[in-house]
Amino acid sequence: MMNLNTTLLLLIPFLPLAGFVILGLWGRKIFKANAGWVGTLLMLASFLIAVYTAYEYFTHSSGGHYDKIVPINYTWLKFSSTLSINMGIMLDPISVMMIVVVTLVSLMVHIYSLGYMKGEERFPTYYAFLGLFTFSMLGLVLSSNLFQIYIFWELVGVSSFLLIGYYYDRPSAVAAAKKAFIVTRFADLGFLIGILILSYCAGTLDFTTMINTLTSPESSELKTSLTYSFLGVSALTWGAALVFIGGAGKSAMFPLHIWLPDAMEGPTPVSALIHAATMVVAGVFLVARLFPVFSFTTPGVLQVVGWVGAFSAGFAAIIACTQTDIKRVLAYSTMSQIGYMMFALGVSGMGGEEGAGYTASMFHLFTHAMFKALLFLGAGAVIHYVHSNDMKDMGGLRKYMPLTHLTFLVACLAIAGIPPFAGFFSKEAILHAAYQHNTIIYWIALLTSGLTAFYMFRLYFNIFWNKPHQAHGEKHGEGGFAMMLPLVLLGLGAIGAGFIPFGKFVSADGNPLHMETDIAFSVLPVSLGVAGILLAAWFYLKQNSRPDAVASGLNGFYKAAYHKFYIDEIYQFVTKKIIFNCIGRPAAWFDRNVVDGLINLAGSGTEAVSAGIKKMQSGKVQQYGMYFLVAALALAALFIYILK
């Protein structure tokens, strides 16, 4: 049995929080240009403790089985003998894996920002916000109960709002921050209702107790939650489905994805932090955390998860093929890869090989953190050099940015699923799970993998090849050591992370799951990936007219994909034309004429009555005496009448 130091565990989330408090209060007055080093050193300490915790956890297993451990559990609010809201820390394979991923990517972003954000007027504030964001995400993945995860879920939303809107003097950044906040708030309403339903069904908010209660066939709570229904759907199913809505909003699944591309208005390192291992994977983590409960729902919520994930993956990949802003290409790439993780969970059941999709999803979350953070930070280095996000301003940069070029190529090969890079192993595991459980989803995923290779190398060739680039007299255009070190470290992760025997550590039931690569099965996916790369090279390796010709040939479809299939416009129409005109205007009329009218009537009536009786207060003693005499005679007459 492992002996965990609770003080060290608390330091993992509280060191970034300390950075937020210190830099938020005194950063601009005391630390100024050194604020980045304060935040980075605190983040480094948090990362080292997280690695030590992971080592202790995974090397002290019981026969290869990893139990859930709750070393800290403090009762905050108590409602009954069984229902309370606690604040605690729970360690299990996915939470331990997540603290390493979150602290690693956040540390890389902290280091990278020392160079990228140098000279910014609000430099200490930026690092304070990074600390708050990291604290929120660490609190989320370490939560021991459902309401605690909701608290940190909302803190993630607040801190992402602050980071996306960091350039508050830009209207586009302010609009993007509000859009992300509002869209995810609607999704979080579903999450909150789902929490209330599940906690009512299980009689608890604690994860372990809830899962044991709602997955035991003999449990009276499970039978009750399956008996009570609305519209023919059980209470348990409604609860899980509403929780998934919250996860779909945070992970930008269709149709709640519209905030994600606009979130690129924040600084590029922030995009790496949000997309690689924190905010957008929170929804995947949530479904994985309650995976046993999802598995017991009838009809299956996991089927909804699978189809939403598969559609989102393909939908986003198509849009990514048409975008010219390099950060938007990567944003839709993130949506597509999160879709992979979601449908991997969706096609998976509980126990044995049936849990392969669960492990594959977590494995892809792990490898994706490496190469997606690398892609965003590499894109940041390119933007830092050319001062533009648009592909038309790029080309031939491999000569001037050799290290960025090499690491970006590694990341593209990894996300395209080319062996032996990390993405190959995790993506193959997902495709294999889909192949075993749902043929249609498997073919959607397979075609999406080919599209992924195409649009990523479309991006790569347009940046580093295609046409000559004017170097402006500089020999190299890369950033300094602070910007290059994270690229190298993440590049090593994108190469080597796939060789980790992930199934040995993370599985649906805590027992080791053997995951091996089937060479015969991999021939088709890898061939599609290579074909996508070759097709991208044919179009974009050298400047030519082929892309324009194809775009003209596809005409309406290409235009629709370029405009993101007009989903934003549909939302605008629904909110402004339908909701505003059919609900907003009538509600405003009712408010003005009925609610305000009643209040105004009460006020004017009171004023009229007061005007009528104010003459009674004349100040004349004779008049008051007359009132008193009349009243006394009236009372005397009343008593005589009653006693008569």
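Residue under question is I211, and the condition is that it be in contact (Cβ under 8 Å) with a residue 60 or more places away in the chain, among the hydrophobic types (A, V, I, L, M, F, W, C), open to solvent by 10 Å² or more (accessible area, probe 1.4 Å) and in contact with a Leu (Cβ under 8 Å, 6 or more places away or on another chain); does it hold?
In short, yes.
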Problem - Lone unmet requirement of (1) in contact (Cβ under 8 Å) with a residue 60 or more places away in the chain; (2) within 30 Å of V347 (Cα to Cα); (3) of a type in the set (F, W, Y) for Y442 - result: (1)
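Let me confirm something: among F464, F505, which residue is buried (at least 21 other Cβ atoms within 10 Å of the Cβ), modelled with pLDDT under 95 and more than 29 Å from the chain's Cα centre (by Cα)?
Of F464, F505, the one residue that is buried (at least 21 other Cβ atoms within 10 Å of the Cβ), modelled with pLDDT under 95 and more than 29 Å from the chain's Cα centre (by Cα) is F464.
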Exercise for the section: May I ask you to say which residue of K564, K576 is open to solvent by 40 Å² or more (accessible area, probe 1.4 Å), within 27 Å of the chain's Cα centre (by Cα) and modelled with pLDDT under 85? Expected result: K576
Practice task
Determine, yes or no, whether F343 is open to solvent by less than 10 Å² (accessible area, probe 1.4 Å) and of a type in the set (F, W, Y).
Solution key: yes
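Filter region 249-264 down to the residues that are of a type in the set (A, V, I, L, M) and open to solvent by 10 Å² or more (accessible area, probe 1.4 Å), then identify the one that is farthest from G309 (Cα to Cα).
By that ranking, first place goes to M264.
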Problem - Residue that is farthest from L535 (Cα to Cα) [pool: residues in region 546-566 that are among the aliphatic types (A, V, I, L, M) and in contact with a helix residue (DSSP H, G or I) (Cβ under 9 Å, 6 or more places away or on another chain)] - result: A560
Completion exercise
Within region 70-105, residues in contact (Cβ under 8 Å) with a residue 60 or more places away in the chain and among the charged types (D, E, K, R) come out as D92
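Residues checked against (1) of a type in the set (S, T, Y); (2) surrounded by fewer than 24 Cβ atoms within 10 Å (Cβ to Cβ); (3) in contact (Cβ under 8 Å) with a residue 12 or more places away in the chain; (4) over 14 Å from S527 (Cβ atoms):
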{"site": "M401", "(1), (2), (3), (4)": "no, no, yes, yes"}
{"site": "A411", "(1), (2), (3), (4)": "no, no, yes, yes"}
{"site": "A414", "(1), (2), (3), (4)": "no, no, yes, yes"}
{"site": "P419", "(1), (2), (3), (4)": "no, yes, yes, no"}
{"site": "A422", "(1), (2), (3), (4)": "no, no, yes, yes"}
{"site": "F425", "(1), (2), (3), (4)": "no, no, yes, yes"}
{"site": "A429", "(1), (2), (3), (4)": "no, no, yes, yes"}
{"site": "H432", "(1), (2), (3), (4)": "no, yes, yes, yes"}
{"site": "Y435", "(1), (2), (3), (4)": "yes, yes, yes, yes"}
Exercise for the section: May I ask you to verify whether I383 is among the β-branched types (V, I, T), over 30 Å from T439 (Cβ atoms), assigned to a helix (DSSP H, G or I) and touching a residue at least 40 places away in the same chain (Cβ under 8 Å)? Expected result: yes
Practice task
Could you check, for region 4-27, whether at least one of its residues is surrounded by fewer than 19 Cβ atoms within 10 Å (Cβ to Cβ), in a loop (DSSP other than H, G, I, E, B) and in contact (Cβ under 8 Å) with a residue 24 or more places away in the chain?
Solution key: yes
Practice task
Test A608 against the criterion of being farther than 30 Å from A320 by Cβ and more than 54 Å from the chain's Cα centre (by Cα), and give yes or no.
Solution key: yes
Problem - Restricting region 222-240 to residues that are in a helix (DSSP H, G or I) and over 13 Å from F296 (Cα atoms), the residue that is most open to solvent (accessible area, probe 1.4 Å) - result: T227
Handout entry: Checking A453 against (1) open to solvent by less than 50 Å² (accessible area, probe 1.4 Å); (2) in a loop (DSSP other than H, G, I, E, B); (3) under 30 Å from S522 (Cα atoms), the condition it does not meet
Key = (2)
Handout entry: Flag if N581 is out of contact with any helix residue (DSSP H, G or I) (no Cβ under 9 Å at 6 or more places or on another chain), more than 30 Å from K179 (Cα to Cα) and not hydroxyl-bearing (S, T, Y)
Key = no
Exercise for the section: Could you tell me whether F47 is under 25 Å from P501 (Cα atoms), at pLDDT 95 or above, open to solvent by less than 70 Å² (accessible area, probe 1.4 Å) and within 28 Å of the chain's Cα centre (by Cα)? Expected result: yes
Problem - Filter pass, V287 being crowded, with 23+ Cβ neighbours inside 10 Å, under 22 Å from V105 (Cβ atoms) and in contact with a helix residue (DSSP H, G or I) (Cβ under 9 Å, 6 or more places away or on another chain) - result: yes
Practice task
Would you check if G597 is out of contact with any helix residue (DSSP H, G or I) (no Cβ under 7 Å at 6 or more places or on another chain), surrounded by 11 or more Cβ atoms within 10 Å (Cβ to Cβ) and either farther than 30 Å from G314 by Cα or in contact (Cβ under 8 Å) with a residue 12 or more places away in the chain (or both)?
Solution key: yes
Problem - Pair list, Cβ under 8 Å, 6 or more apart: region 525-543 residue more than 23 Å from A433 (Cα to Cα), other residue open to solvent by 60 Å² or more (accessible area, probe 1.4 Å) and outside any helix (DSSP H, G or I) - result: Y540/W465; L541/W465; K542/W465
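Any idea which of S199, S216 is out of contact with any Ser or Thr (no Cβ under 6 Å at 6 or more places or on another chain), under 25 Å from A288 (Cβ atoms), open to solvent by less than 30 Å² (accessible area, probe 1.4 Å) and among the polar types (S, T, N, Q)?
Just one listed residue meets the conditions, S199.
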Exercise for the section: Write out, first by first residue and then by second, each pair whose Cβ atoms fall under 7 Å of each other, whose residues are 6+ apart or on separate chains, and whose first residue, in region 549-567, is closer than 18 Å to W538 by Cα while the second is modelled with pLDDT of 90 or more and surrounded by 14 or more Cβ atoms within 10 Å (Cβ to Cβ). Expected result: A551/Y558
Handout entry: The one condition in (1) out of contact with any Gly (no Cβ under 7 Å at 6 or more places or on another chain); (2) surrounded by fewer than 16 Cβ atoms within 10 Å (Cβ to Cβ) that H65 fails to fulfil
Key = (1)
Practice task
Could you tell me which of the residues D188, D262 is in contact with a Lys or Arg (Cβ under 6 Å, 6 or more places away or on another chain) and either touching a residue at least 60 places away in the same chain (Cβ under 8 Å) or part of a loop (DSSP other than H, G, I, E, B) (or both)?
Solution key: D262
Practice task
Being surrounded by 24 or more Cβ atoms within 10 Å (Cβ to Cβ) and within 13 Å of the chain's Cα centre (by Cα) narrows it down to one of V243, V281, V301, so name that one.
Solution key: V281
Practice task
Please indicate, with yes or no, whether at least one residue in region 115-138 is closer than 26 Å to M370 by Cα, in contact with a His (Cβ under 7 Å, 6 or more places away or on another chain), open to solvent by 10 Å² or more (accessible area, probe 1.4 Å) and not polar (S, T, N, Q).
Solution key: yes
Fill in the blank from the handout: How many residues of region 265-278 are more than 15 Å from W153 (Cβ to Cβ), open to solvent by less than 10 Å² (accessible area, probe 1.4 Å) and part of a helix (DSSP H, G or I)? The answer is 8
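The values are calculated or read from the model by the stated rules, or taken from the named source; none is laboratory data. Small disclaimer: the values here were computed from a predicted structure and weren't measured. Reconstructed Cβ throughout: ideal geometry from the backbone, glycine too, with neighbour counts over all protein chains shown. Calculation scope for accessible area: heavy atoms of the full protein, side chains included, ligands and nucleic acids excluded. Shrake-Rupley method; radii C 1.70, N 1.55, O 1.52, S 1.80 Å.
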